[in-house]
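What follows is a single structure, written as structure tokens, with notes after it.
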Amino acid sequence: MKKNMVWLVAGLLSLPWGCSNKHVVKQTGFQSPHYKAVSDRLDLGGQVFVYVDIEGDAEKGAEFVDDILKKYKKDIRVDALQKLNVVQIVKMLGLDQVKAFGLSSYRDGNVFRNRAFIRKPGEPKGLTRMLSRPARAFEIARKAPADTDIAFEADLQLKTLYEVVAQVLREVMGEQAEQWLHVVHSPIGKLSLSYIQLIEKLDTRLVGMLRVNAGKHINIPGAEFSFPHTEVLLGIDDLGIVFDELIKLLGKVPFVKITEEGDWHFIESAMPMPGDLSLYNLVLAKQKSTQRLFFATSRALLESYFDEEKPTLQAAAEFKTAMKGLPTEGNSLHYMSPRFTAVVKEFLVNLSKAYPDAGEGVDLVSALLPQSDLAVASVRKNLPDGVFIASNSSSSHKTTLLGLSYGGTAFLGGVVAAVVVPAYMEYQQKADSLRYKEKSE
């Protein structure tokens, strides 16, 4: 841990923080043009405050890579790398739009109020398109039962991600990119639905909830421990087309029951599950009027989600505490109750007793969990000039900074992979073609 902190401090000192207790840059031409826009979204004077201006850094890094490629162009035998324009790829990804970011945390009793803001002004492009949907009121807070232990709601923009990846592949590989991209037009398994038809529906929204019933336990045959009865519900917008395909595939399977009731279409098991698993009666459902697809561990849980008379999560005292000071509208919400944390920690203790060799792994997972008496929540909200993220947690953004000290290396590796992998594909394809030609002759 001490070694990690040494690397963290060294990394932070190498960044252009531009702050010192001896000099304050005032409102002159020397001040970062994005400081006010970022700092206005943060809390000053707490345990953590970080501001970093990165305008132009992505392009400078790309220019550096381009210069290296030009220098060794004669030694590069892969066409894709010879034609590669890293600056152009950075702009396609929209990385040049990220101008600055900031983090802040302050302690309020036993909780840290954390804030983060990523400034990206201008028309969204590339990956920043995935952070451009307008904010909305969270359905999960209005629909989930009051005793929900985990709740989440998030924009899911996999169609946009596919479009960005396809654009980069075409830039790197040219016409040969189509040989790889044509795969998405193939059908998914035995369905008549193709991958691209599914992708077209994946700029969508995901909602989910989990509820633990600590009074009931599921015994696993042959295992020396049990786990509490846990109910799960997942919903995703606009994927009714998947349900329709499954109806065609499962319509004549004897142990599958397909029914329709009003606005709902259900696929359920016609046979009860064995042993303690009989507590579950898995159901896949489509709401006809909205084309939303839902999975639930029981029909009763799905009905409870849409019951307008029940006490809801947004009225629960623990949820209100977790959401203190957080936006009530946004693009993602994550909530965890203290009850869930306590149940998981108890389960981990029993697991380590049953399997002593797993002790170190169990201790690590337990250490990552929030305090057992603390409800935690986080919200992401897209704004016209950037992305605002706020959370109430048992840890501050010091943890985030430690993660960044490791994540920087991982990010660099990802960028290299994004450039090298398509080029390697081209090289491998040419090599295979040459070997085939030699065998034919």
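Bear in mind that the values in this text are calculations on the coordinates, not laboratory data. Since the structure is predicted, the reported quantities are computational estimates derived from the model, not experimental observations. Glycine gets a Cβ as well: all are built from the backbone with ideal geometry, and neighbour counts include every protein chain shown.
One quarter of the surface of the convex hull around the alpha-carbon atoms of the stretch 233-369 equals 12.2 nm², the direction-averaged projected area.
Over all other residues within a Cβ to Cβ distance under 11 Å of N114, the charged ones net out to +2, with Lys and Arg as +1 and Asp and Glu as -1. What is the local net charge at S391, summed over the other residues whose Cβ is closer than 13 Å to its Cβ (Lys, Arg +1; Asp, Glu -1)? Here the count lands on +3.
Pairwise Cα distances in the stretch 155-244 exceed 15 Å for 73 percent of all pairs.
A Förster radius of 56 Å combined with the Cβ-Cβ distance from Q88 to S366 puts the calculated FRET efficiency at roughly 0.75. The residues Y305, Y162, Y72, Y355, when put in order of fewest to most other Cβ atoms within 10 Å, stand as Y72, Y355, Y162, Y305. Please work out the C-alpha center-to-center distance from the stretch 198-215 to the stretch 366-387 and express it in whole Å. The stretch 198-215 and the stretch 366-387 have Cα centres spaced 18 Å from each other. The ranking of F294, F306 by Cβ neighbour count inside 10 Å, starting from the fewest, reads F306, F294. Over all other residues within a Cβ to Cβ distance under 13 Å of I218, the charged ones net out to -1, with Lys and Arg as +1 and Asp and Glu as -1. In sequence order, the stretch 241-248 has phi-based couplings of 4, 5, 4, 4, 5, 5, 4, 4 Hz under the Karplus curve 6.51 cos²θ - 1.76 cosθ + 1.60, θ = phi - 60°, and Gly or Pro positions carry x. Both radii are taken from the alpha-carbon atoms of the stretch 63-192; with Rh as the Kirkwood radius, Rg/Rh is 1.11. The length gained by stretching the chain between D147 and S395 to full extension, at 0.36 nm per residue less their Cα-Cα distance, is 86.8 nm. This ranking places K286, K216 by how few other beta-carbon atoms lie within 10 Å of each, fewest first, which gives K216, K286.
Taking a ≥ b ≥ c as the square roots of the eigenvalues of the alpha carbon gyration tensor, the stretch 230-301 is oblate, as a/c is not under 1.5 and a/b does not beat b/c.
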